[in-house]
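> Pasting a structure here, questions to come.
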Amino acid sequence: MTRIGFIGLGNMGLPMARNLCKAGFAVRGYDVMEAARARAAAAGLELVEELDRAVADAELVLTMLPAGPQVREVYLGAGGILDNAAQDALLVDCSTIDVETAREVHERARSQGFPMLDAPVSGGVAGAEAASLTFMVGGEAEAFERGRPILEKMGKAVIHAGPAGTGQAAKICNNMMLGIQMISVCEAFALADGLGLSADKLFEISARSSGQCWSLTSYCPVPGPVPSAPSNREYRPGFTAAMMLKDLRLAQQSAAAAGVATPLGAEACQLYALFAAAGKEGLDFSAIIKMIAGKL
Ligand code: NAD
């Protein structure tokens, strides 16, 4: 039975770890936060009190942490994963972080003999619970083939993006598209309202026209047309505006580092920063329609 050390048992990590248990892997979990450990214990996960005990005899170590600084600390810090992992363990970071940190951690892991993958996900908490995530994976082909059967137990699509860091690159490119698209859909509904066109009619028409996109037909920011969308439950997330802002900032950071112009990505980032500054960062990211329609 493959032994897995799982570090970071938050909103995403816990349901992912549970799916690995359900699939028959021997999972040992660790989280720095007592409340997260208590939730994981209540969910029946085997827990340890120290990180080294989660990784020492694991064949695969998986991390699901908030952002780059935590990933750096957990992998590279004293007493971290690189100090404690078993020889030849495969290291897989599923957190969404900046490409530069992902490449640096990958390089340090490789220099100590550990194969590593960056494998951020799309699909949110619902996807983590339903084992229907999309994994975008960067790293060597051999490491990818080793990790794929395990990632498949948590997701419906596991795609090799290319060498180290390209999983993170795919994630921030995707979420930059999503942020821009959501704002474009919000603007269109605001304009329709000003022109006397009902939201239901705009939806009916654009869902069958060239303006169609996921933000419209799967996640409509206006209540009504898509019953499962957060707009029908007072914009409870879902995917928070804070998370969208984090990903848009990562995209801007990487765009600057790569010398690539992304003017609409920059604008979307600024709009989400304003929305967050208005105290709305805990709402679903589709709630930005309130600000765009001048109804904040
Ligand atoms: P979360 O904050 O709920 O969970 C992160 C967990 O990591 C927390 O329980 C925290 O205590 C733990 N942690 C932090 N530092 C640690 C350390 N040094 N050692 C051990 N544990 C530590 O976040 P989340 O929603 O589960 O998101 C995790 C990652 O997945 C983020 O990078 C996020 O951007 C990404 N993501 C989230 C979603 C979503 O919808 N929530 C969707 C896609 C991707």
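> Determine which single condition residue 187 fails, assuming it passes every other condition in (1) farther than 19 Å from residue 132 by Cα; (2) surrounded by fewer than 22 Cβ atoms within 10 Å (Cβ to Cβ); (3) in the same structural domain as residue 102 (by TED's automatic domain parsing).
So residue 187 meets the others, but not (3).
> Being within 18 Å of residue 91 (Cα to Cα) and either among the hydrophobic types (A, V, I, L, M, F, W, C) or more than 11 Å from the ligand (Cβ to nearest atom) (or both) is the filter here, so list the residues in region 22-31 that pass it.
Within region 22-31, 25, 26, 27, 28 qualify.
> A follow-up question, please. Looking at 126, 102, 54, 131, can you tell me which residue is more than 8 Å from the ligand (Cβ to nearest atom) and assigned to a loop (DSSP other than H, G, I, E, B)?
That would be 131, the only listed residue that is more than 8 Å from the ligand (Cβ to nearest atom) and assigned to a loop (DSSP other than H, G, I, E, B).
> I would also like to ask the following. Output the residue which, of all residues in region 220-240 that are in a helix (DSSP H, G or I) and without any contact (Cβ under 8 Å) to a residue 24 or more places away in the chain, is nearest to residue 182 (Cα to Cα).
Looking at residues that are in a helix (DSSP H, G or I) and without any contact (Cβ under 8 Å) to a residue 24 or more places away in the chain, I get 232.
> For residue 39, only one of the following conditions fails: (1) of a type in the set (D, E, K, R); (2) in a helix (DSSP H, G or I); (3) touching a strand residue (DSSP E or B) at 6+ places or on another chain (Cβ under 9 Å); (4) more than 30 Å from residue 255 (Cβ to Cβ). What is its number?
With (1) of a type in the set (D, E, K, R); (2) in a helix (DSSP H, G or I); (3) touching a strand residue (DSSP E or B) at 6+ places or on another chain (Cβ under 9 Å); (4) more than 30 Å from residue 255 (Cβ to Cβ) applied to residue 39, the lone miss is (3).
> On the given criteria, is residue 277 at pLDDT below 95, loosely packed, with under 14 Cβ neighbours inside 10 Å and in a helix (DSSP H, G or I)?
no
> Let me ask you something else. Kindly list, by first and then second residue, each pair from a residue in region 1-20 that is touching a residue at least 12 places away in the same chain (Cβ under 8 Å) and assigned to a strand (DSSP E or B) to a residue that is acidic (Asp, Glu) and crowded, with 21+ Cβ neighbours inside 10 Å, limited to pairs with Cβ atoms under 8 Å and residues at least 6 apart or on different chains.
Cβ pairs passing all conditions: 7/31.
> Just one of 41, 17 is within 18 Å of residue 125 (Cα to Cα) and either of a type outside the set (Phe, Trp, Tyr) or at pLDDT 95 or above (or both); which is it?
Exactly one residue qualifies, and that residue is 17.
> Report yes if some residue within region 73-80 is assigned to a loop (DSSP other than H, G, I, E, B) and either touching a strand residue (DSSP E or B) at 6+ places or on another chain (Cβ under 6 Å) or under 16 Å from residue 138 (Cα atoms) (or both); otherwise report no.
Within region 73-80, none of the residues are assigned to a loop (DSSP other than H, G, I, E, B) and either touching a strand residue (DSSP E or B) at 6+ places or on another chain (Cβ under 6 Å) or under 16 Å from residue 138 (Cα atoms) (or both).
> On the basis of being within 16 Å of the ligand (Cβ to nearest atom), under 19 Å from the mean Cα position of the chain (by Cα), part of a loop (DSSP other than H, G, I, E, B) and surrounded by fewer than 17 Cβ atoms within 10 Å (Cβ to Cβ), does residue 282 make the cut?
Yes; evaluated as a whole, the condition is true for this residue.
> Can I ask one more? Can you find a residue in region 62-75 that is more than 12 Å from the ligand (Cβ to nearest atom) and more than 18 Å from residue 129 (Cβ to Cβ)?
Looking through region 62-75, none of the residues is more than 12 Å from the ligand (Cβ to nearest atom) and more than 18 Å from residue 129 (Cβ to Cβ).
The values are calculated or read from the model by the stated rules, or taken from the named source; none is laboratory data. Here the structure is a predicted model, which means the values were calculated and not measured. Positions of Cβ are backbone-derived with ideal geometry, glycine not excepted, and every protein chain shown enters the neighbour counts.
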